[in-house]
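Participant: I'd like to ask some things about the structure below.
The values are calculated or read from the model by the stated rules, or taken from the named source; none is laboratory data. A quick note: this is a predicted structure, and the numbers were derived from the prediction, not measured. Cβ: placed from backbone, ideal geometry, glycine included. Neighbour counts: every protein chain shown. Just the protein is used for accessible areas: all its heavy atoms, side chains included, with ligands, DNA and RNA removed. Shrake-Rupley method; radii C 1.70, N 1.55, O 1.52, S 1.80 Å.
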Amino acid sequence: MNYTKSLLLLIIASIWMFSCEQDEKPETYYDKFHPGEIWKDNNGVHINAHGGGVLPHKDTYYWYGEHKIEGIEGNFAQVGVHCYSSKDLYNWKDEGIALEVIKDDPNHDITKGCIIERPKVVYNKKTNRFVMFFHFEYKDRWYESSRAGVAISDTPTGPFTFVKSYRPNAGVWPQNVMEQHKDLTNRAEKSYYRGGPGSLPAHADSVNMLGSHYDVGQMARDQTVFVDDDGKAYHIYSSESNSTIHISLLSDDYLSESGVFYRIFPNSYHEAPALFKHNQTYYMLSSGCTAWEPNEARLSSAPNIFGPWTEIGNPAVGYNKKLDLGPEKTFGGQSTFVLPNPRSKRCFYCHV
Ligand code: GAL
């Protein structure tokens, strides 16, 4: 795995100009971003929080991401989800492991060696709880489980308690379901792994992956959570073997799907969705499906979170000399999260 890739995700996604005085300057002190370089925490240790997301809460930012171990292929979780905190987005304090894998119970969902990817934490004002969502795969089943994982905590740094893993929206049709998908005599025979373009034998609208998973719940691989201005939260996940994206309203406590969801971009094969809003327009940054190999970033927009969504194209510009990589490979990265700039009310994304 390209070890730089996941670290770049956060740099790319959260880049903005921002300065802030620190009371005590630790040994490693930054006053700007250094894209393409190793980013160290307050202890001088390489930050280990891949596929991550940042939660601004009170006067602090919390960065959650996959703790990876060099030499372990893929995202087979050995440790869990790492958390760091910061006042200025440049300097990050190690807050330890927010969600730990279970080491002494091979039957537990999040037993060591399962897959935990792209953790995102949101704060629920009504319940006063922090809710973590992540892409979860059972141990030794590669990517066929395609589930969402949920964990909760009363504090931002955890420890988070695992609540459940599940396939979203079992027994519910999307609001924009097509009539042919309701024909449950016409189900696709198997789940197809990964799902890059062409991985389904035909167009996703004619291969009934949606109907095939109607009973057990929809496949959910790369995923994120977005909280709108009105406090409603949405679970956005690559589904139907990555051939579509589902946008699903969560319950008020953010712990379950509400049963209201839409299916967008059929047969377009988006991964790595990262949602944000600017001037009442919704934007989704995503990627194509080439596994760990970087590809072009894709930006889409919509006047309403449920659509209609229109793909705009690759928003990345520039060139990173240190990495010798340009926008056609998203500088060796892949979207995971976009952090709005609270100072200017503008969002910055994909510029290194
Ligand atoms: C990537 C995806 C990662 C991981 C990887 C596995 O495309 O964005 O989160 O699932 O595939 O190959």
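Participant: Residues to consider are ILE97, ILE116, ILE72, ILE38; find the one that is assigned to a loop (DSSP other than H, G, I, E, B), among the β-branched types (Val, Ile, Thr) and either in contact with a Leu (Cβ under 8 Å, 6 or more places away or on another chain) or closer than 27 Å to PHE276 by Cα (or both).
Facilitator: When all the criteria are applied, what remains is ILE38.
Participant: When you go through (1) open to solvent by 10 Å² or more (accessible area, probe 1.4 Å); (2) touching a strand residue (DSSP E or B) at 6+ places or on another chain (Cβ under 9 Å) one by one for ALA220, which number turns out not to apply?
Facilitator: (1)
Participant: If a residue has to be part of a loop (DSSP other than H, G, I, E, B), closer than 27 Å to ILE72 by Cα and either of a type in the set (Phe, Trp, Tyr) or open to solvent by 50 Å² or more (accessible area, probe 1.4 Å) (or both) to count, how many in segment 283-333 make the cut?
Facilitator: Residues in segment 283-333 being part of a loop (DSSP other than H, G, I, E, B), closer than 27 Å to ILE72 by Cα and either of a type in the set (Phe, Trp, Tyr) or open to solvent by 50 Å² or more (accessible area, probe 1.4 Å) (or both): 6 in total.
Participant: Which residues, counting only those in segment 311-338, are within 20 Å of TYR237 (Cβ to Cβ) and more than 16 Å from the ligand (Cβ to nearest atom)?
Facilitator: GLU311
Participant: Follow-up. Condition test on ASN75, is it under 20 Å from the mean Cα position of the chain (by Cα), at pLDDT below 95 and of a type outside the set (Gly, Ala, Ser)?
Facilitator: Answer is yes for this residue.
Participant: Scanning segment 60-95 for residues that are within 16 Å of the ligand (Cβ to nearest atom) and aromatic (Phe, Trp, Tyr), which turns out nearest to TYR166 (Cα to Cα)?
Facilitator: PHE76
Participant: Now for a separate question. I'd like the full set of residues that are within 14 Å of the ligand (Cβ to nearest atom), in a loop (DSSP other than H, G, I, E, B) and under 15 Å from PRO273 (Cβ atoms), limited to segment 208-242.
Facilitator: Across segment 208-242, the qualifying residues are MET219, ALA220, ARG221, ASP222, ASN242.
Participant: Next question, about the same structure. Is it fair to say ALA98 is among the small types (Gly, Ala, Ser), more than 16 Å from the ligand (Cβ to nearest atom) and within 19 Å of the chain's Cα centre (by Cα)?
Facilitator: yes
Participant: Is there any pair linking a residue in segment 172-186 that is more than 16 Å from TYR262 (Cβ to Cβ) to one that is among the polar types (S, T, N, Q) and part of a loop (DSSP other than H, G, I, E, B), with Cβ under 9 Å and at least six apart or on different chains, and which?
Facilitator: GLN180/ASN186; GLN180/SER206; GLN180/ASN208; ASP183/ASN208; LEU184/ASN208; ASN186/ASN208
Participant: Mind checking which residues of segment 266-281 are within 16 Å of the ligand (Cβ to nearest atom) and assigned to a loop (DSSP other than H, G, I, E, B)?
Facilitator: SER268, TYR269, HIS270
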